[in-house]
Structure formats: structure tokens, C-alpha cells
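Please read the structure below before turning to the comments.
Every number here is computed from the coordinates shown, using simple stated rules; none is lab data. Remember, predicted model here, so these are calculated numbers, not experimental data. FYI the Cβ positions are ideal-geometry reconstructions off the backbone, even for glycines, and counts take in every protein chain you see.
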Amino acid sequence: MSSYAPAIPQSRANGLVIRSAVVASIGGLIFGFDTAVISGTTSSLQEVFSLDDSGLGFIVAIATVGTIAGALFSGQLADRYGRKRLLYIIGVLYILGALGTGLAASHTMFIIFRFLGGIGVGMSSVVAPIYTAEIAPPAQRGRLVGLVQFNIVLGILVAYLSNYIIRLIAPEDVAWRWMLGVMAVPAVIFLLMLMTTPETPRWLLANGKVDLATSISRRLCNTEEESMAQLDEIRAQIAEAQAISAARTPFFTRRYLKVILMAIAIAAFNQLSGVNAILYYAPKVMQDAGAAANTSYLMSVGVGLMNLIATMAALTVIDRFGRRRLMIVGSIGYLLSLGFITVVMFSFEGHFSSTSSVLVLIGLMAFIASHAFGQGSVIWVFISEIFPNQVRGRGQSLGSLTHWVFAAITTYAFPPVIGALGGGFAFTIFLVCMVGQLVWVLKVMPETKGVPLEEMSVKLGLE
């Protein structure tokens, strides 16, 4: 049990808390936007830079390599220099990535700026949730941190919609540049709004700035009692973190092998479903299946909208249905949707039409709904729950690293596989991998719903 003050009834979040959370969530929205916006430019990139399928895979996947680098080091940088300073750096990287890729005069320049944008995405995936969690009083923390995750999915939808609109109004030879460059607009708004937000009390207290931490906490809370409770909680967390650091526990040991393998498995399966490959290449997949160019962009909007709806649905039931049940439902959905797409791809191969493109769209919408309702909503919750407190941070990092490494692999390999063997074969690979996931969920994955974190080690046989 924690030693700090008991929970105090709290009123609604005040204006500064809401504004600060919204600013951090804009960082999440740009994260989602950057993830999907490249999907509208792949055909133009191949033409402008004379890329073969492998070259296209590399130029798209280089952002995920940057994401890995950003995610690996941002936690340490945020602890050293502050959450708000890192958010400023993220905003600058977003602007550089958007303008640099949009104005790139050479293949090399495009790769450099796409890599920088990827670093911003990786840093945002770590720092934005941390900032929001630390800026919010306890009673509002869950909802406000969830706002960041919601905005990532919303950003994907906005990217698809933006690509479609720009495709309709911009000259064809420069439309791809506008698709990439337009991300600078929300990035500038993000930086300007960031000027109105404070550093987090937790970072200030951890770095000896007690008076400033107390002052900001008082502004973030509606009453002095709330502020005192928040500061007491922060002091307890800092003391606990220092105790864990002093007794540094080895991570890669036999004791933790079971949960390490679980984290690697769920993170790898997440990307072996093909979700990032589909998000990155959605219009291309639709065009290969017979859709007209403009129609393929509109179809992508439908995929993004389904992603948003299914994510919202999953977040409302995850604590009631449980993690394992959602994974079973999502896995079955994967098999049905990927199996359907595979059959369509093989059946229409060589004579794709508008009919086949509509069938593929139906399959992709079922696929993205299955992902959002299962893997998409469960992965980070499950990984955060299965590791004991003394190694939880390293367990989260391992899961994130595994996720982005497999994202880079699937993103790079998708165009060459389709080019050489066809879409049917590519989706067959994803289908086989998801058979493996269903077996893993049924045979290995434990249910963690409702289990106190303090008792999780006993349930999983780690004690």
C-alpha cells in the first residue's frame, strides 16, 4: 500500500490541465498523421526517385528506424532535460520532417528528413503520455492519458482525409509534396500552444525545484488539498523509483523469461498481422486490387474511420471483457478478414476490377476493426501489467523495441513481396502468422483483467 495521503474527492480538471493535455494530445495526433500520410505518396515517390519495390520499402521503413531510435533514448533525455523541453524538440523534428520531405530535391535528402521525422514520432510515443500522466491530477489521469492514444488513431484518419482532399485539388506532380508538407501546420500550432503549458511537477520535484513544483501543482489543481495529495503521491513515486534504482534487478534472467517471451510474442504478432504495412500502403493496395487512383484515397478514409470507431469501442469494454477475450475475438477477426482478402487477391489476380477493389476494401475494414478491437487495444495494457514493478520500465522498452523492429521489417518487405509474388501471397503470410497468434492466445496468454499488479507475479508463477 502507498504511504501518501488518501484520495481526496476532486472536481473536474481545470483549464490549465485541459489545455496542457490537449497540447500533448496534438503531439499524439501528429504522430498518427505521420504514420499514415506516407500512404498517399508511394506511387509518386517511386516515379520521382526512380525506386524499385525494395527502394520504396526502404524509403517508407526508414521512418520506423528513426522511431526506434527516438523511443529508445527519449525516456532518458526527458528525465535529464525535462518533459516540456523534449516536447519542444519533438515539435521541431515534426516540422523538419514535414518540410524536409515535402521540399526534398534528392533521394538522400528525403531519407534524412523522413528519418528525423521518425525520431520525432518515437520520442512522442514515449514523452506525450508521460507528460500527460504527470500533469494531470489523479482523478483525471486515465481519461487524459487516453486522449493521447485516441488522437493517434484520429491522426491516422486525418492523414487519409488530408491525402484525399489534396489529391483532388493539387496538381498531380506536386500533390505528394503537399501531402507531406501540410503536417508542418499542426506542428507549428503544437509548438505555439506548448508555450502556454508548464513543466510537470514530478520532473521539477525530482530535480530539486520544490518551490516551482509546488506553485505549478497548485495551478493544476482546484484546491490546496488536491495539490498536497498530488505532491505527496509524486514524492512517494520518486522514493519508490530511487529504491528500485538502488537495488537494480537483473532483467534477462530465468525468473523473468516467461514474461519476456510474452512481451516479445504479443509485440511481434502485432506487426506480423500486417497492420503497419496496410496503414502505410493502403491506397496502393486498393489500386493494385483494381480501384481508380482517387477512389483508392477515399477508400483509405473508410479504413481510417473504421480504425477510430473500433478503437473507441474497445476502450469502453477492455476492463469488462478482459484482455484475453478481446485478443481471441480480434484473432478470429484477423483470420476471417485476411482469409477473405487472400481469396479475393488470388481469385481476381490478373483481372482486377472495381468489384475486386470493393471486396478488398470490405476485407481491409474488417481487418482494421479486428486489429483495433483486439491487438491495438490490448498490447500496451498487457505488457504494462505482466512485468513486476522493479523491471516494468525495461519490460515496456523491450515490448516497444520489438514492436517497432517488426514494423520496420514488414514495412520494408511488403512492396517487394507484392511485386514479386503478388498480393495474395503477401496476405497469406499475414494469415499464417495470425494462426500462430490464435494458438498463442489460447495456449499461452493469461488473463490479467482485475489482477492487482502486486499479485501478478504470483499469478504468473514468477515468485
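Key figures
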{"read-out": "Whole-Hz ³J(HN,Hα) from phi, Karplus 6.51 cos²θ - 1.76 cosθ + 1.60, for region 27-41, glycine and proline x", "value": "x, x, 4, 5, 4, x, 4, 5, 4, 9, 5, 4, 4, x, 10"}
{"read-out": "Nearest-ten-degree value, helix 375-386 long axis tilted from longest Cα axis of the chain", "value": "30 degrees"}
{"read-out": "Over region 252-463, relative contact order from alpha-carbon pairs under 8 Å, at least 6 apart, %", "value": "36 percent"}
{"read-out": "Value at 222 nm in deg cm²/dmol, rounded to 500, when DSSP H runs of n ≥ 4 in the chain each add -39,500 (n - 2.57)", "value": "-27500 deg cm²/dmol"}
{"read-out": "Derived scalar couplings ³J(HN,Hα) [region 285-293; Karplus, 6.51 cos²θ - 1.76 cosθ + 1.60; whole Hz; x for Gly, Pro]", "value": "4, 5, 5, 4, 8, x, 7, 5, 4"}
{"read-out": "Residue-by-residue Karplus 3J(HN,Hα) for region 110-121, coefficients 6.51, -1.76, 1.60, Hz, glycine and proline x", "value": "4, 4, 4, 6, 5, 4, 4, x, x, 4, x, 4"}
{"read-out": "Among [x] 24, 56, 19, 1; [y] 19, 44, 24, 10, 3, 0; [z] 17, 28, 31, 17, 5, 1, the entry derived from the coordinates for P(r) over Cα pairs in 20 Å bins from 0, in percent", "value": "[x]"}
{"read-out": "Where only C-alpha atoms are counted, convex hull volume of region 14-197 per residue in Å³", "value": "105 Å³"}
{"read-out": "Pairs of lysine residues in the chain - Cα separation under 23 Å, sequence separation of 8 or more or cross-chain", "value": "6"}
{"read-out": "Check: the chain dipole with +1 on Lys, Arg Cβ and -1 on Asp, Glu Cβ, in debye", "value": "760 debye"}
{"read-out": "Region 286-365: C-alpha gyration tensor shape, a/c 1.5 cut-off, then a/b vs b/c", "value": "oblate"}
{"read-out": "Tilt relative to the chain, helix 53-81 - C-alpha long axis, 0 to 90 degrees, to 10", "value": "10 degrees"}
{"read-out": "Angle in degrees between helix 224-246 and the longest Cα principal axis of the chain, rounded to the nearest 10", "value": "80 degrees"}
{"read-out": "Whole-Å distance, taken between Cα centres, linking region 85-140 and region 15-53", "value": "10 Å"}
{"read-out": "Order of 252, 427, 49, 352 - criterion: other Cβ atoms within 10 Å of each residue's Cβ, fewest first", "value": "252, 49, 352, 427"}
